[in-house]
Amino acid sequence: MDESRSPCSPFLEVIETDREGYLHLAMEMSETGGRLVSVWGFFSESLSLLFSSYFRGERLFTGRLSLSGKISDLPSITPFFPVASRMERSIRDLWGISFSGAQDHRRWLDHGLWERVPLTQKAQPETFGEGDYPFVRVEGMGVHEIPVGPVHAGMIEPGHFRFQVVGEKVLRMEERLGYSHRGIDGLSRNIPWNRGIKLAGRVSGDTTVGHALAYSLSIESAIGMEVPKRARFLRGLLLERERIANHLGDLGALANDAGLSFGLSQFLILKEDLLRQNKSVFGHRLLMDLISPGGVRKDPGPLPIAEMSGEASRILQEVEILEMIFEQHGGLQDRFFGTGTLPPETAQKMGLCGVVGRASGQPFDLRRLWKEPPFDETGFTQALETGGDVRARVAVRFFEVKESLRLVQEILLKLPSGDVFLEPPSGESGKEGIGLVEGWRGEILCWSRLEGGDIVAASHFHDPSWILWPALEMTIPGNLVADFPLINKSFNPSYSGHDL
Amino acid sequence: MTQTSTVPHQWIADLLFKGLGELFQTASVIFFAPIFLGWVNLCRSCLQSRRPAGILQPYRDLLKLLRKEVVLATGASPLFRITPYIVFGSMGLAAALVPAVTTDLPFGPAADAIALVGIFSLARIFMALSAMDIGTPFGDMGARREMMIAFLAEPATMMVLFTASLISRSTSLSTIAETLGGRHFTLYPSLVFATTSFFLIILAENSRLPIDNPSTHLELTMIHEAMLLEYSGRHLALMEWGSSIKLLLYFSILISFFLPWGISHESSFGGLLSGFAFLVLKLFILGTLLAILESTLAKLRLFRAPEFLAAAYLLAVIAFLSHFILEV
């Protein structure tokens with residue numbers, strides 16, 4: 001329909017659909033082994049857009065449903081992809097438009113406190129009484145509920161979990177999220193991309209590189225610009241450094257949740273070393289605000305290359321020692337083995353990606369599938385486990401952290417010279433772009449629509465946590481209540497990345 | 001004792017001195033219990049490459065809590081409020097019974113080893129009841145897990161104490177410590193098994209790793225801590241202090257039964273002082289051992305706890321049997 005809208009990557013395909021076509025695409029994808037990545041929408045006076053993205057083979061297909069006039073309802077794809085339910089419920093809460101064909105009509109991001117629909121400022125279309133969220137309950141002898149959160153005993157993000165247990169065994173666990181909702185979709189409307197990139201970097205603090213990169217890619221793809229090669233390599237470097245830092249932290253936290261605090265302190269030392277080097281080389285411990293549309297904001301120059309490379313190889317050696325300790329620690333392995341098993345069949349049905357997907361036999365890694373620079377010039381081995389338990393997720397993390405540490409050295413070795421930043425040209429109003437990045441949790445998607453000049457009309461940020469949270473719910477039943485923190489940590493979904 | 005009837009002054013002075021000895025022992029156990037915990041935590045920190053908070057940190061925590069106001073949950077019954085005093089009182093009473101510094105305890109005959117187990121149970125039952133009193137799910141969860149651990153640990157404790165009683169022909173704690181301490185050094189196989197068993201019991205009863213993790217922040221995995229979640233201010237201080245006394249007492253029992261050398265048998269000034277010095281020395285060694293153990297162990301899956309305590313019970317039974325087979 002509008003060829004200006006097609007993104008420049010050969011792996012991205014946007015399909016213009018009507019209502020039937022939109023549902024037909026979902027059906028076709030579910031029948032041909034595609035998996036759902038994200039569902040999002042954008043609605044204004046003149047324009048109503050509903051998107052759903054699927055990954056099949058090695059390509060991302062995005063169904064784009066453009067509606068005009070007054071919209072009473074939207075088509076739901078939950079009959080084909082049940083995992084879309086929460087995304088659609090969020091669209092309904094944020095925009096006040098309901099989905100026809102959806103099974104679950106409970107609110108999701110709205111906790112009954114929004115007097116007006118947040119993104120349209122219209123009155124709520126239907127009134128929900130205040131009161132408790134209707135959790136699905138289990139009935140039977142000796143079954144009782146354990147509510148946990150949203151305020152926890154530890155310093156973690158807010159989220160509520162409702163356990164239906166008999167004794168120590170969990171029969172069902174249901175999440176209630178949305179406590180860290182900040183209105184990202186609303187904040188991202190009609191702002192210059194220099195501000196949008198700051199917002200993107202703050203969608204989820206631990207994935208600041210991933211979201212900033214996805215946002216930049218979506219803007220660049222909408223404008224149709226290429227960034228310099230050195231910038232692409234540096235982006236790859238930053239992405240890997242973020243992955244290393246988070247995996248190191250997670251591995252330590254997993255040991256700590258199993259009671260071995262030795263593991264936590266050892267991994268935190270390594271993570272701290274890496275973060276301090278980030279600070280000294282790039283000026284920010286978490287690498288915030290380094291990536292922007294057009295390239296990378298800071299060129300480390302030639303001096304710290306040897307230093308970064310040396311540190312990576314030192315950390316690699318330490319990680320190998322710690323991996324051996326983990327593997328030979330009977331108590332730790334006993335806690336990890338067989339705990340929180342997510343079988344590959346379930347993972348496939350849910351369309352899991354990222355670390356958790358790769359621990360359950362889902363071989364998706366954009367670094368291998370797309371081989372975009374710098375991964376086209378570096379070797380890359382993808383992690384894959386089929387156990388689906390905590391042990392498998394630990395093994396995937398160990399494998400990936402080692403691979404990333406090796407990649408960091410290889411990228412530094414092959415780092416081309418040249419510019420790292422090109423001022424992006426003015427965008428054309430109405431153009432749209434999609435960016436997809438293999439973040440440390442999994443695939444991060446960002447969609448942006450330009451308004452002309454450097455103004456972005458709207459953006460949507462999709463964190464893999466949208467799929468990880470439902471997958472966690474599927475994993476918990478049958479496990480012990482006391483094992484939940486360990487399983488949750490092995491998934492480590494983001495609260496803020498999900499609540500938006 | 002025959003002299004006492006002839007010289008009444010001497011008898012009174014004797015009792016007074018014994019009383020002072022008793023007081024010294026009780027007070028030193030109560031007031032030095034947090035320092036033992038501080039030492040264990042300090043060792044743990046050092047072993048985990050963390051900068052330790054200092055050996056006096058438990059005192060600072062207690063002072064802080066004592067100064068803070070008490071926040072009571074809605075619906076807390078008087079049971080919830082008196083429990084901290086009952087727990088602390090039971091631990092104080094137990095401190096007067098366990099021959100840690102001296103075996104010459106006038107209170108000693110008041111309660112024997114079996115009664116001591118009862119005193120610990122009393123504190124535990126009140127703690128579990130108060131945890132359920134509030135009605136939060138964590139309290140219930142902690143209470144039921146604690147009771148599961150307790151009912152598995154208690155038989156093992158009794159078997160260990162019986163083995164020690166068989167050797168000394170008495171269930172009185174002072175007599176056991178005196179008999180075992182007064183003998184020439186011979187290796188009793190039964191005592192080796194009993195010591196091992198008792199060490200496992202100490203870990204389980206004091207919510208240490210691998211059964212419970214005293215430093216966890218994960219509310220769903222807690223056992224002991226889950227019962228204390230609703231306590232605050234001086235109530236929490238008394239509960240925490242009580243737990244540290246309990247830990248010290250369990251180690252004192254271990255010392256007085258299985259490493260009794262150096263415990264004073266009379267209430268003389270020098271005897272008390274040397275008894276105290278020996279106690280401190282042994283506690284420092286055992287505290288370090290506990291910290292090493294806790295730093296190298298992962299927490300057991302909750303349903304492995306019965307296996308752990310079954311092992312403790314089995315060792316206690318072997319100790320009991322080997323006394324009859326090898327030593328009688």
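What follows draws every value from the coordinates through simple rules; no lab data is involved. Predicted model, so just to flag it, every value in this text is computed and none were measured. In this analysis, Cβ positions are derived from the backbone assuming ideal geometry, glycine residues included, and neighbour counts consider all displayed protein chains.
Tell me the mean residue ellipticity at 222 nm calculated for the protein assembly as shown from its helices only (DSSP H runs of n ≥ 4, each -39500 (n - 2.57), averaged over every residue, nearest 500).
After summing the helix terms and dividing by residue count, I get -17500 deg cm²/dmol.
Mind giving me the nanometre distance, one decimal, between the label points for A:LEU171 and B:LEU289, set 7 Å out from Cα along Cα→Cβ?
Calculated label separation equals 4.7 nm.
Given the Cα atoms of the stretch A:157-220, and with Rh set as the inverse mean 1/r over their pairs in the Kirkwood sense, what is Rg to Rh to two decimals?
1.22
On each of the three principal axes of the Cα atoms of the stretch B:2-327, give max minus min coordinate, whole Å, ordered largest first.
Extents along the principal axes, in whole Å: 62, 48, 39.
Contact order normalised by length for chain B, with contacts defined as Cα pairs under 8 Å and 6 or more residues apart; what percent is it?
Here the relative contact order equals 30 percent.
Neighbouring Cβ atoms within 10 Å as the yardstick, rank A:CYS446, B:CYS43, A:CYS353 fewest first.
By the 10 Å Cβ count, ascending, the order reads B:CYS43, A:CYS353, A:CYS446.
Would you work out if the stretch A:3-100 is rounded, prolate or oblate? Take a ≥ b ≥ c from the square roots of the eigenvalues of the alpha-carbon gyration tensor; rounded if a/c is under 1.5, else prolate when a/b is larger than b/c, oblate otherwise.
Judged from the Cα gyration tensor, the stretch A:3-100 comes out oblate (a/c at least 1.5, b/c at or above a/b).
Give me the net charge of A:ASP419's neighbourhood, meaning all other residues with Cβ under 10 Å from the Cβ of A:ASP419; Lys, Arg count +1, Asp, Glu -1.
+1
For the stretch A:144-188, what is the Kirkwood hydrodynamic radius in Å, using each pair of distinct C-alpha atoms?
Over the stretch A:144-188, the inverse of the mean reciprocal pair distance is 12.1 Å.
For chain A, compute Rg over Rh where Rg is the Cα radius of gyration and Rh is the Kirkwood radius from the inverse mean 1/r over Cα pairs.
0.95
Could you please tell me the mean projected area of the C-alpha convex hull for the stretch B:180-328, averaged over all directions and given in square nanometres to one decimal?
Value for the stretch B:180-328: 11.2 nm².
For the stretch B:3-98, what does the alpha-carbon gyration tensor say about shape, rounded, prolate or oblate, given a ≥ b ≥ c as the root eigenvalues, a/c under 1.5 as rounded, and a/b over b/c as prolate?
oblate
Past 30 Å, Cα to Cα, is the threshold; run B:LYS68/B:LYS282; A:LYS402/A:LYS489; A:LYS271/B:LYS64; A:LYS169/B:LYS68; A:LYS298/A:LYS431 against it and keep the listed order.
B:LYS68/B:LYS282; A:LYS271/B:LYS64; A:LYS169/B:LYS68
Convert each backbone phi in the stretch B:243-258 into a coupling constant with the Karplus relation 6.51 cos²θ - 1.76 cosθ + 1.60 (shift: θ = phi - 60°), then list the ³J(HN,Hα) values in order as whole Hz, x for Gly and Pro.
Whole-Hz 3J(HN,Hα) from phi for the stretch B:243-258: 5, 5, 5, 4, 4, 5, 5, 4, 5, 5, 4, 4, 5, 6, 8, 10.
Provide the gained length on full extension for the span A:GLU318 to A:GLN124, in nm with one decimal, where the gain is 0.36 nm per separating residue minus the Cα-Cα distance.
64.3 nm
Two decimals, Cα atoms only, Kirkwood Rh: what is Rg/Rh over the stretch A:343-457?
Here the Rg-to-Rh quotient is 1.08.
If you add up the charges near B:VAL117, with Lys and Arg at +1 and Asp and Glu at -1, over every other residue whose beta carbon is less than 14 angstrom from its beta carbon, what do you get?
-1
Please report the antiparallel percentage of the DSSP beta bridges confined to the protein assembly as shown, to the nearest 5.
So the antiparallel bridges amount to about 85 percent of the total.
In whole Å, what are the extents of the stretch A:140-257 along the principal axes defined by its C-alpha atoms, from largest to smallest?
64, 35, 23
Project the alpha carbons of the stretch A:221-347 onto their principal axes and report the range along each, largest first, in whole Å.
That works out to 51, 38, 19 Å along the principal axes.
Please compute the net charge surrounding B:THR102, taking Lys and Arg as +1 and Asp and Glu as -1 over other residues with Cβ under 15 Å from its Cβ.
Net charge in that neighbourhood comes out at -3.
Can you give me the C-alpha center-to-center distance between the stretch B:119-176 and the stretch B:197-234, rounded to a whole angstrom?
If we compute the Cα centre of each part, the gap is 14 Å.
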